[in-house]
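Here's the structure we're looking at; comments come further down.
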Amino acid sequence: MADTDLIPAPLTAEHPGGLLPLDASTALDAGPGTGPTARWLRSVLGAATGLPLPDGTGPGAVRLRISPETAEAHGPEGYRLSVTGDGVLLDGGGPAGLFWGAQTLRQLLGPDAYRRAPLPGRTWALPHTEIADRPRFGWRGLLLDVSRHFTAKEDVLRLLDLMAAHKLNVFHFHLTDDQGWRIEIERYPRLTGAGSWRARSKRGHRASPLWDDTPHGGFYTQDDIREIVAHAAERHITVVPEIDLPGHSQAAIAAYPWLGNTDVVDTEALTVWDTWGVNPNVLAPTEEVLRFYEGVFEEVLALFPSTFVHVGGDECPKDQWKESPAAQARIAELGVGDEDGLQSWFIRHFDRWLADRGRRLIGWDEILEGGLAEGAAVSSWRGYGGGITAAEAGHDVVMCPEQQVYLDHRQDAGEDEPVPIGFVRTLADVYRFEPVPPGLSEEAARHVLGTQANVWTEVMENRDRVDYQVFPRLAAFAEVAWSALPAPADRDTDGFLRRMETHYRRLDALGVAYRPPTGPAPWQRRPGLLGRPIDGPPPIV
Ligand code: ACM
């Protein structure tokens, strides 16, 4: 174990031996444009170490620099970190690169640099170091589903801190689904008034007979969202909001029953869904529904500066549209052929609508069915296939195949794994995930913006359960997304697992309830709760 066990691994690193001590006199020399990272260092390292890092120059100082030369040398997210007997020089290729370099500096200080107050008597030193680093992908994402189980604002802010510690830079915020609407929309108060809570929840997989009769709910006010977006931006993380349509919409329909297919279901009787699975209650294909969601997106755009806005588009059963005379009349009127045509009509509408406002639509790979609008991007989740098709057609793609990087899937085949879902995806399996499938043409590969791990929370009822599923695997994922790793068969998995021994100490200091390598602690088990494990290795699709 050594503090130089960096995760994600930098492009090049040398540690020639020797230590640079840091003490109360160590000064911070923050050059032009480096103020935000200087503030972050003072606040985070100041808390952990008690060192004041006063403004100053001279021997032993920590120097932060951004300039046209460093931009040219390292690229916007790259950096160079040099620690010698004379002090620290951190050159950022841009503000983001400088910040990622500061994260590396924190790792080099040791696990106690992740605490919130100094341990008595602790002294501090940095190993002499020469690092040059930059990321492989520009989109290094994590999706959190806050609909199936709500994540309190404080815990979202904490997760953003944890993402930043792993150099991840896109937070895909899954804000709406059948089981809860989580974002305040001022013009439609019932979305949160009625749509943000359910009377009870299924415990375990949907086939489980058990219920939790405690009402479940919660939502973010618009000021909460502004705070989350600002906290993310300070950490060079973009928040991509997702408002799922035309499926996954029962919570919205429960709040405003006219959004649903009222000629085939009694939508007045619908409540926010209390169990899991693919839900038949989808939006009605009317002009009024489009206007309603334009109203939602107007408020969403005012809150989220992200270029990409996610509109879902996944798992939209067509049964109600098949049965509904009104939907059938719409198919004829619009000339879209069939129910798949209605789905593309929804997506194309918002693709144009977002483009007119200078934004770009991203959706799940189902949006490819029926033809994808120009400029739209795809989150490839049912495997690589959708991503390959999209990239070959010139669309940008984020690779997040469920067989590989769905962190709700179980981490081990053992009986003690809590509510086991899906394939076994161990820490080492995630480390061997490759976002760019072999055989993709060079041109198409350029459309792979990056990769994302997705966390669906049906069986994660609280923060500790989310921690357990996300960690330690997010560390392996972060290295896949950031580091210049060779092809999976050539990856040094043993070396990564050795570095993880140090990383577990960092996660301990951060208070992360990860899955220990030896298996779940007794309180991390969920005996008697039904999961839905899938046997055998995941297919590569
Ligand atoms: C998804 O997992 N339905 C995107």
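The values are calculated or read from the model by the stated rules, or taken from the named source; none is laboratory data. This is a predicted model, so every value here is computed, not measured. So basically every Cβ, Gly included, is an ideal-geometry build from the backbone, and we count neighbours across all protein chains shown.
Data for the structure
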| read-out | value |
| --- | --- |
| Meets criteria (within 16 Å of the ligand (Cβ to nearest atom) and either under 23 Å from Leu361 (Cα atoms) or in a strand (DSSP E or B) (or both)) for Pro241 | yes |
| Number of the exception - Tyr188 against (1) in a loop (DSSP other than H, G, I, E, B); (2) in contact with a Leu (Cβ under 9 Å, 6 or more places away or on another chain); (3) surrounded by fewer than 22 Cβ atoms within 10 Å (Cβ to Cβ); (4) not β-branched (Val, Ile, Thr) | (2) |
| Meets criteria (modelled with pLDDT of 95 or more, in a helix (DSSP H, G or I) and closer than 23 Å to Ala481 by Cβ) for Thr4 | no |
| Which numbered condition Arg532 misses (of (1) under 24 Å from Gly414 (Cα atoms); (2) crowded, with 18+ Cβ neighbours inside 10 Å; (3) within 16 Å of the ligand (Cβ to nearest atom); (4) not β-branched (Val, Ile, Thr)) | (2) |
| Some residue of region 419-436 being over 23 Å from the mean Cα position of the chain (by Cα), among the aliphatic types (A, V, I, L, M) and away from the ligand (no atom under 16 Å from the Cβ) | no |
| Condition broken by Ala125, with the remaining ones in (1) surrounded by 17 or more Cβ atoms within 10 Å (Cβ to Cβ); (2) in contact with a strand residue (DSSP E or B) (Cβ under 6 Å, 6 or more places away or on another chain); (3) farther than 30 Å from Gly528 by Cα satisfied | (1) |
| Failed condition for Glu392, given (1) among the acidic types (Asp, Glu); (2) touching a helix residue (DSSP H, G or I) at 6+ places or on another chain (Cβ under 9 Å); (3) within 16 Å of the ligand (Cβ to nearest atom) | (3) |
| Candidate set from region 356-389 (those that are of a type in the set (Asp, Glu) and away from the ligand (no atom under 12 Å from the Cβ)); member that is surrounded by the fewest Cβ atoms within 10 Å (Cβ to Cβ) | Asp356 |
| Selection within region 404-434 - aromatic (Phe, Trp, Tyr) and either over 21 Å from His205 (Cβ atoms) or touching a His at 6+ places or on another chain (Cβ under 7 Å) (or both) | Phe423, Tyr431, Phe433 |
| Residues located in region 450-467, provided they are under 18 Å from Pro437 (Cβ atoms) and either within 16 Å of the ligand (Cβ to nearest atom) or surrounded by fewer than 22 Cβ atoms within 10 Å (Cβ to Cβ) (or both) | Thr451, Gln452, Ala453, Asn454 |
| Region 398-414 residues that are hydroxyl-bearing (Ser, Thr, Tyr), paired with ones that are within 11 Å of the ligand (Cβ to nearest atom) (beta carbon under 6 Å, 6 or more apart) | Tyr406/Asn454 |
| Matching option when the condition is within 30 Å of Leu497 (Cα to Cα) and either basic (Lys, Arg) or assigned to a loop (DSSP other than H, G, I, E, B) (or both), among Ala48, Ala24, Ala9 | Ala9 |
| Qualifying residue in region 463-479 (condition: over 24 Å from Gln103 (Cβ atoms) and not charged (D, E, K, R)) | no |
| In region 360-388, the residues that are among the polar types (S, T, N, Q) and free of Cβ contacts under 8 Å to residues at least 24 places away in the same chain | Ser380 |
| Region 395-409 - residue that is away from the ligand (no atom under 13 Å from the Cβ) and surrounded by fewer than 24 Cβ atoms within 10 Å (Cβ to Cβ) and, of those, farthest from Val459 (Cα to Cα) | His395 |
| Counted residues, region 272-291 - those being over 16 Å from Gly180 (Cβ atoms) and surrounded by fewer than 20 Cβ atoms within 10 Å (Cβ to Cβ) | 7 |
| Candidates Ala487, Ala476, Ala513, Ala481, filtered to the one that is surrounded by fewer than 23 Cβ atoms within 10 Å (Cβ to Cβ), modelled with pLDDT of 95 or more, closer than 26 Å to Pro420 by Cβ and of a type in the set (A, V, I, L, M) | Ala513 |
| Tabulated pairs, region 15-30, first over 18 Å from Gln107 (Cα atoms), second surrounded by fewer than 16 Cβ atoms within 10 Å (Cβ to Cβ) and hydroxyl-bearing (Ser, Thr, Tyr), C-beta under 9 angstrom, 6+ apart or interchain | Ala27/Thr57; Asp29/Thr57 |
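Conditions tested, residue by residue: (1) at pLDDT 95 or above; (2) crowded, with 19+ Cβ neighbours inside 10 Å; (3) within 16 Å of the ligand (Cβ to nearest atom); (4) of a type outside the set (A, V, I, L, M).
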site	(1), (2), (3), (4)
Phe308	yes, yes, yes, yes
Gly312	yes, yes, yes, yes
Pro325	yes, no, no, yes
Leu354	yes, yes, no, no
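Rundown of residues vs (1) closer than 30 Å to Gly138 by Cβ; (2) touching a strand residue (DSSP E or B) at 6+ places or on another chain (Cβ under 7 Å); (3) touching a residue at least 12 places away in the same chain (Cβ under 8 Å), yes/no style:
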{"site": "Arg203", "(1), (2), (3)": "no, yes, yes"}
{"site": "His236", "(1), (2), (3)": "yes, no, yes"}
{"site": "Ile243", "(1), (2), (3)": "yes, yes, yes"}
{"site": "His248", "(1), (2), (3)": "yes, yes, yes"}
{"site": "Ala255", "(1), (2), (3)": "no, yes, yes"}
{"site": "Glu268", "(1), (2), (3)": "no, no, no"}
{"site": "Thr275", "(1), (2), (3)": "no, yes, yes"}
{"site": "Glu287", "(1), (2), (3)": "no, no, no"}
